[in-house]
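S.K.: I'd like to ask you about the structure that follows.
The values are calculated or read from the model by the stated rules, or taken from the named source; none is laboratory data. For clarity, every value in this text was computed on a predicted model and none was experimentally measured. Positions of Cβ are generated from backbone atoms using ideal geometry, with glycine treated the same way; all protein chains shown enter the neighbour counts. Protein only, heavy atoms only, side chains kept; ligands, DNA and RNA dropped before computing areas. Shrake-Rupley method; radii C 1.70, N 1.55, O 1.52, S 1.80 Å.
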Amino acid sequence: MIIVKIGGSKGIDDGPLLDDISALIKSGKEVLLVHGGSEETNQVAEALGHPPKFVTSVSGFESRFTDRRTLEIFTMVYCGRRNKSIVEGLQQRGINAVGLSGADGRVFEGPIKTSVKVIEDGKKKVLRGDNTGKVTKVNTKLLDVLRESGFTPVLCPPAISEEESMMMNVDGDRAAAMLAAAYHAEALVILSNVPGLLKDINAGIDNPDNLVEEIDLASDSDPYEFAKGRMKKKIMGAIEAVDSGVERVILASANVQQPISSALGGSGTHIHRSAASAAVSNAG
Ligand code: ADP
């Protein structure tokens with residue numbers, strides 16, 4: 001199985017990736033999808049007079065502060081327009097896609113955090129009223145019912161909180177990582193508007209020397225060395241997936257012809273843990 005995460009940043013063209021996914025499924029590969037919708041959520045939130053607020057946690061990770069109104073707008077965009085546009089695109093290509101949020105059938109479940117410790121103007125602060133959580137459990141039952149009947153699930157945040165059963169915003173890359181882990185996927189392909197992890201985000205996305213082609217988690221190098229902003233969560237998700245038994249995670253561009261096939265064939269940033277080095281480090 002291959003898990004594909006479709007990004008939600010500015011400038012992603014769904015056409016080539018949906019062509020590729022349909023061709024892969026028709027050739028007999030099983031593909032499950034998770035998608036984002038951050039850029040469109042920002043636009044709708046602005047239009048509705050409730051502009052987005054991003055915070056940086058004390059550990060340096062950026063996230064959307066999700067009060068209840070933001071969660072409602074987020075849900076409208078992710079589970080509504082974005083999800084149904086992907087479902088429509090797959091249906092037009094002959095794939096019987098079904099859109100689901102992580103709250104449906106409790107597919108994505110985990111603890112919610114209603115307050116977040118952030119750094120604002122160099123000072124630590126606690127913000128209350130957040131609805132953000134982390135996927136720690138993937139309940140595959142509903143997905144298996146659909147898969148076994150020939151449907152292709154198209155998943156998105158929000159998830160559901162384990163105790164209160166409240167909807168919560170979760171990071172899509174890390175949710176996709178948990179899904180890949182639950183199915184022991186052969187690969188997790190994370191597609192976005194960049195060709196992979198770049199050494200210098202300002203040095204141009206078309207310069208091949210600027211791309212990190214491989215991160216071997218068994219080596220001593222710091223996997224977070226080049227990642228800034230939201231790229232840090234992708235690296236974190238990739239590490240979680242590889243550490244849970246997913247063979248390889250590939251960060252690649254959504255905006256090329258056959259983005260998934262080309263990522264599986266070598267393009268993008270390949271993140272894995274080499275057996276040889278792992279054996280050496282275990283021995284040491
Ligand atoms: P999506 O929402 O499509 O999943 P994100 O916006 O979360 O994607 O992450 C991709 C973004 O990460 C890029 O558009 C880029 O601005 C940012 N980024 C930060 N550091 C890097 C880096 N070293 N290499 C590539 N992208 C980076």
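S.K.: Could you state the accessible area per residue of segment 228-279 in Å², with a 1.4 Å probe and every protein chain left in place? Please report the intermediate quantities before stating the final value.
M.R.: Working: 2140 Å² over 52 residues.
Accessible surface, normalised per residue, equals 41 Å².
S.K.: If amide hydrogens are placed 1.01 Å from N in the peptide plane, which non-local residues have theirs closer than 5 Å to the one on residue 214?
M.R.: It is 270, by chain and number.
S.K.: Determine the per residue accessible area of segment 1-124 with all protein chains present and a 1.4 angstrom probe, expressed in square angstrom. Write out the running numbers ahead of the final one.
M.R.: On the way: 5420 Å² over 124 residues.
In whole numbers, segment 1-124 has 44 Å² accessible per residue.
S.K.: Shifting gears a bit: For residue 48, what is the net charge nearby, where nearby means another residue's Cβ is under 12 Å from its Cβ and Lys, Arg count +1, Asp, Glu -1?
M.R.: -1
S.K.: So, by mean Cβ neighbours within 10 angstrom, what's the order for 161-169, 190-198, 146-154 with the highest one leading?
M.R.: Working: 161-169: 17.4, 190-198: 23.6, 146-154: 15.7.
Averaged packing, sorted descending, gives the order 190-198, 161-169, 146-154.
S.K.: While we're here: Take the residue pairs 134/199; 141/228; 10/141 and return only those whose Cα atoms are more than 30 Å apart.
M.R.: On the way: 134/199 28 Å; 141/228 36 Å; 10/141 33 Å.
141/228; 10/141, as the Cα separations exceed 30 Å there.
S.K.: To continue, here is another question. What do you reckon, how do 184, 272 stack up by accessible area (1.4 Å probe), largest on top? Don't skip to the end; give the middle numbers.
M.R.: On the way: 184 135, 272 45 Å².
Heavy-atom accessible area, descending, gives 184, 272.
S.K.: Also: Could you give each residue of segment 163-174 its phi-based ³J(HN,Hα) in whole Hz, using Karplus coefficients 6.51, -1.76, 1.60 with θ = phi - 60°, and x for Gly or Pro?
M.R.: Computed from phi, the couplings for segment 163-174 are 8, 8, 6, 9, 5, 8, 6, 9, 6, x, 5, 6 Hz.
S.K.: Please report the antiparallel percentage of DSSP beta bridges with both residues in the chain, rounded to the nearest 5. Don't skip to the end; give the middle numbers.
M.R.: On the way: 20 of 49 bridges.
Bridges in the chain are about 40 percent antiparallel.
S.K.: Let me make sure I get this right: for segment 194-234, a, b and c are the square roots of the gyration tensor eigenvalues over alpha carbons, sorted descending. Under 1.5 in a/c it's rounded, otherwise prolate if a/b > b/c, else oblate. Which is it? The partial results should precede the final answer.
M.R.: Values: a/c = 2.20, a/b = 1.40, b/c = 1.57.
Here segment 194-234 falls in the oblate category.
S.K.: Would you mind getting me the FRET efficiency between residue 186 and residue 206? Use the beta-carbon distance for r and R0 = 35 Å, nearest 0.05. List each step's numbers first, then the result.
M.R.: Working: r = 29 Å, r/R0 = 0.83.
Computed FRET efficiency for residue 186 and residue 206 comes out at 0.75.
S.K.: Just the C-alpha atoms of segment 177-218: what Rg/Rh do they give, with Rh taken as the Kirkwood radius? Numbers along the way, then the final one.
M.R.: Details: Rg = 13.2 Å, Rh = 12.2 Å.
So for segment 177-218, dividing Rg by the Kirkwood Rh gives 1.08.
S.K.: Could you state the principal axis extents of the C-alpha atoms in segment 134-284, from the largest down, to the nearest angstrom?
M.R.: 44, 42, 31
S.K.: Expressed as a whole number of Å, what is the distance separating the alpha-carbon centroids of segment 33-50 and segment 175-248?
M.R.: Cα centroid of segment 175-248 versus Cα centroid of segment 33-50: 24 Å apart.
S.K.: While we're looking at this one, here's another question. Mind grabbing the accessible area of residue 171 for me, 1.4 Å probe, Å², rounded to tens?
M.R.: Near enough 50 Å² of accessible area.
S.K.: Keeping all protein chains in place and using 1.4 angstrom, which order do 243, 14 fall into by accessible surface area, from largest down? Spell out each step's value before the answer.
M.R.: Details: 243 90, 14 25 Å².
If we order 243, 14 from most to least accessible, we get 243, 14.
S.K.: Where does each of 50, 270 land when they are ordered by accessible area, with a 1.4 Å probe and the largest first? If you can, show how the numbers build up before the last one.
M.R.: On the way: 50 50, 270 30 Å².
Order by accessible area, largest first: 50, 270.
S.K.: Report, in debye and to the nearest 20, how large the dipole of segment 2-283 comes out about its Cα centre when Lys and Arg carry +1 and Asp and Glu carry -1 on their Cβ. The partial results should precede the final answer.
M.R.: Working: 32 positive and 37 negative charges, 159 e Å.
With only Lys, Arg, Asp and Glu charged at Cβ, the dipole is about 760 debye.
S.K.: Something else: Compute the Rg to Rh ratio over segment 30-175 from the alpha carbon atoms, using the Kirkwood formula for Rh, and round to two decimal places. Before the final figure, lay out the partial values.
M.R.: Values: Rg = 16.0 Å, Rh = 15.9 Å.
Checking Rg against Rh, the ratio lands at 1.01.
S.K.: What does the chain give for Rg and for Dmax, in Å, if only its C-alpha atoms count?
M.R.: Over the chain's Cα set, Rg and Dmax evaluate to 18.3, 58 Å.
S.K.: Classify segment 150-239 as rounded, prolate or oblate, taking a ≥ b ≥ c as the square roots of the eigenvalues of its Cα gyration tensor: rounded when a/c is under 1.5, otherwise prolate if a/b is larger than b/c and oblate if not. Intermediate results must be reported in sequence, preceding the final value.
M.R.: Values: a/c = 1.96, a/b = 1.88, b/c = 1.04.
Here segment 150-239 falls in the prolate category.
S.K.: Turning to a different aspect of this structure: State the percentage of accessible surface on segment 226-266 attributable to carbon and sulfur atoms; use a 1.4 Å probe and exclude ligands, DNA and RNA.
M.R.: On the way: 820 of 1680 Å².
That fraction is 49 percent.
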